[in-house]
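Student: First the structure, then my questions, so here it is.
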Amino acid sequence: MNVFVLYHLLLALTQMFGASFRQASQCRMMHFKCRGGFYPRAENTVARFPVPDEKIHWDIDYPEYKPTNYTAAHIKGQSWADPEISHPSFHPQWNQLDGNVNRKSHVGVYKIENLFPLNPVGRTGVCGRGCLGRWGPNHAADPIVTRWKRTSNNEIELHSTSEKKILQFVAIQRRDTREWAIPGGMVDPGEVVTTTLKREFFEEALDALGRKPEQLNEADAIVAKFFESGETVYKGYVDDPRNTDNAWMETVAVNFHDETGLSVGKLPLSAGDDAVNVRWMDVGKDLELYASHIEFIEAVAEKRNSHW
Ligand code: RP5
């Protein structure tokens with residue numbers, strides 16, 4: 001068998017058995033929301049050093065590049081945050097599971113330069129950790145809970161132009177930036193992603209933390225059951241406004257779909273924890289969402305063949 005035939009055989013096998021979700025690879029990704037302007041919600045104004053599109057990637061020379069060094073004062077000394085990189089007690093195991101802290105990236109092996117992990121996409125105009133707790137990847141999970149939009153007669157509504165079914169997803173309004181977003185959150189050390197997905201949805205969209213234990217009811221059991229089967233639609237880097245050259249967000253986004261609208265699709269939503277608002281939002285390409293959440297929603301729309 002010659003090399004050409006072998007290559008195409010391997011390619012076909014990868015397509016047949018490979019991941020059916022989007023997975024960001026390190027090669028030539030771009031980021032936009034963590035570049036230009038100011039670092040979000042910093043104590044003082046923190047301007048990002050300008051990084052034009054063509055200078056994002058580390059392998060492109062940019063001798064003038066002087067990123068602003070910023071680590072938020074409030075993360076220092078927190079139990080959920082790493083110490084300074086030079087702290088004598090800090091011996092991070094990069095690119096692997098470090099105790100119960102996951103320092104592996106979904107996008108491949110990231111580089112370490114002068115002790116600091118390097119953002120796998122490239123320059124952001126800020127070095128240090130910004131307001132992220134971990135050096136390197138900060139892992140999150142995003143539950144995308146969907147149902148079909150229905151008329152008052154409970155019939156599935158079709159879009160007037162595309163004539164396709166309209167998907168709705170549970171969106172929260174973030175307390176920090178006031179942008180609408182998927183109700184995701186950080187994976188705690190040692191926590192499995194399936195637990196994070198459920199926990200974050202309970203906290204942000206059903207206000208589980210604001211309720212007394214005796215208020216936990218039948219609805220909670222419905223949600224717990226509903227979260228047993230989800231489909232991963234994205235795994236990788238997030239273009240999050242908090243990213244820096246040395247600390248960045250990554251996520252696993254999973255779709256949980258209520259086909260009949262009779263399960264989670266019927267429950268009353270209530271904003272809690274980091275959310276100031278929650279609602280079912282129609283899916284379409286004009287949505288403006290936090291970070292790169294629109295990409296994950298697009299992947300769900302594609303999977304469900306809904307209006308976009
Ligand atoms: C985004 O930040 C992730 O996609 C996830 O939605 C979120 C996690 O951060 P917090 O909401 O916990 O701040 O990058």
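The values are calculated or read from the model by the stated rules, or taken from the named source; none is laboratory data. Not measured: the values here are computed from a predicted model. Ideal geometry is used to build each Cβ from the backbone, glycine not excepted, and the neighbour counts take in all protein chains shown.
Student: If you go through the stretch 250-275 one residue at a time, how many are within 13 Å of the ligand (Cβ to nearest atom) and either free of Cβ contacts under 8 Å to residues at least 24 places away in the same chain or polar (S, T, N, Q) (or both)?
Tutor: 1
Student: Quick check on the stretch 263-270. Is at least one of its residues in a loop (DSSP other than H, G, I, E, B), loosely packed, with under 15 Cβ neighbours inside 10 Å and not acidic (Asp, Glu)?
Tutor: Looking for residues that are in a loop (DSSP other than H, G, I, E, B), loosely packed, with under 15 Cβ neighbours inside 10 Å and not acidic (Asp, Glu), one finds at least one in the stretch 263-270, hence yes.
Student: Okay, moving on. Could you figure out which of (1) modelled with pLDDT of 95 or more; (2) of a type in the set (S, T, N, Q); (3) closer than 23 Å to GLU302 by Cβ isn't true of THR244?
Tutor: Against the list (1) modelled with pLDDT of 95 or more; (2) of a type in the set (S, T, N, Q); (3) closer than 23 Å to GLU302 by Cβ, THR244 comes up short only on (3).
Student: Any residue that is within 12 Å of the ligand (Cβ to nearest atom) and closer than 20 Å to THR232 by Cα - is there at least one of those in the stretch 157-170?
Tutor: Looking for residues that are within 12 Å of the ligand (Cβ to nearest atom) and closer than 20 Å to THR232 by Cα, one finds none in the stretch 157-170, hence no.
Student: Can you tell me how many residues in the stretch 193-212 are touching a residue at least 24 places away in the same chain (Cβ under 8 Å) and part of a loop (DSSP other than H, G, I, E, B)?
Tutor: Matching residues across the stretch 193-212 total 1.
Student: Also, I was wondering about something else. Hey, could you check the stretch 283-299 for residues that are of a type in the set (A, V, I, L, M), within 14 Å of the ligand (Cβ to nearest atom) and buried (at least 21 other Cβ atoms within 10 Å of the Cβ) and say which is farthest from ARG174 (Cα to Cα)?
Tutor: ILE297
Student: Let me ask you something else. If you check GLY190 against the conditions, is it part of a strand (DSSP E or B) and either within 11 Å of the ligand (Cβ to nearest atom) or within 29 Å of THR124 (Cβ to Cβ) (or both)?
Tutor: No, not satisfied.
Student: So, in the stretch 124-153, how many residues would count as being assigned to a strand (DSSP E or B), charged (D, E, K, R) and within 16 Å of the ligand (Cβ to nearest atom)?
Tutor: Looking only at that region, the number is 2.
Student: From GLU84, GLU54, grab the single residue that is surrounded by fewer than 17 Cβ atoms within 10 Å (Cβ to Cβ) and over 28 Å from VAL192 (Cα atoms).
Tutor: Exactly one residue qualifies, and that residue is GLU54.
Student: Are any residues in the stretch 232-249 closer than 21 Å to VAL51 by Cα, within 11 Å of the ligand (Cβ to nearest atom) and hydroxyl-bearing (Ser, Thr, Tyr), and if so, which ones?
Tutor: If the condition is that a residue be closer than 21 Å to VAL51 by Cα, within 11 Å of the ligand (Cβ to nearest atom) and hydroxyl-bearing (Ser, Thr, Tyr), then TYR237 is the only one that fits.
Student: Can you name the residue in the stretch 234-244 that is out of contact with any Lys or Arg (no Cβ under 6 Å at 6 or more places or on another chain) and either over 19 Å from LYS33 (Cα atoms) or of a type in the set (D, E, K, R) (or both) and, of all such residues, is surrounded by the fewest Cβ atoms within 10 Å (Cβ to Cβ)?
Tutor: Per the stated criteria, the residue is LYS235.
Yes or no, residue by residue, for (1) of a type in the set (Phe, Trp, Tyr); (2) within 23 Å of GLY185 (Cβ to Cβ):
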| residue | (1), (2) |
| --- | --- |
| LYS76 | no, yes |
| PRO88 | no, no |
| TRP94 | yes, no |
| ASN102 | no, yes |
| SER105 | no, yes |
| ASN114 | no, no |
| CYS127 | no, no |
| CYS131 | no, yes |
| ARG134 | no, yes |
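Student: So, in the stretch 23-69, exactly how many residues are modelled with pLDDT of 95 or more and of a type in the set (A, V, I, L, M, F, W, C)?
Tutor: 10
Student: Among the residues of the stretch 148-166, which ones are out of contact with any Lys or Arg (no Cβ under 9 Å at 6 or more places or on another chain) and among the charged types (D, E, K, R)?
Tutor: Passing the criteria: ARG150, GLU155, GLU163, LYS164.
Student: SER229 versus (1) among the polar types (S, T, N, Q); (2) within 15 Å of the ligand (Cβ to nearest atom); (3) assigned to a loop (DSSP other than H, G, I, E, B): which is the lone unmet condition?
Tutor: So the condition that SER229 fails would be (2).
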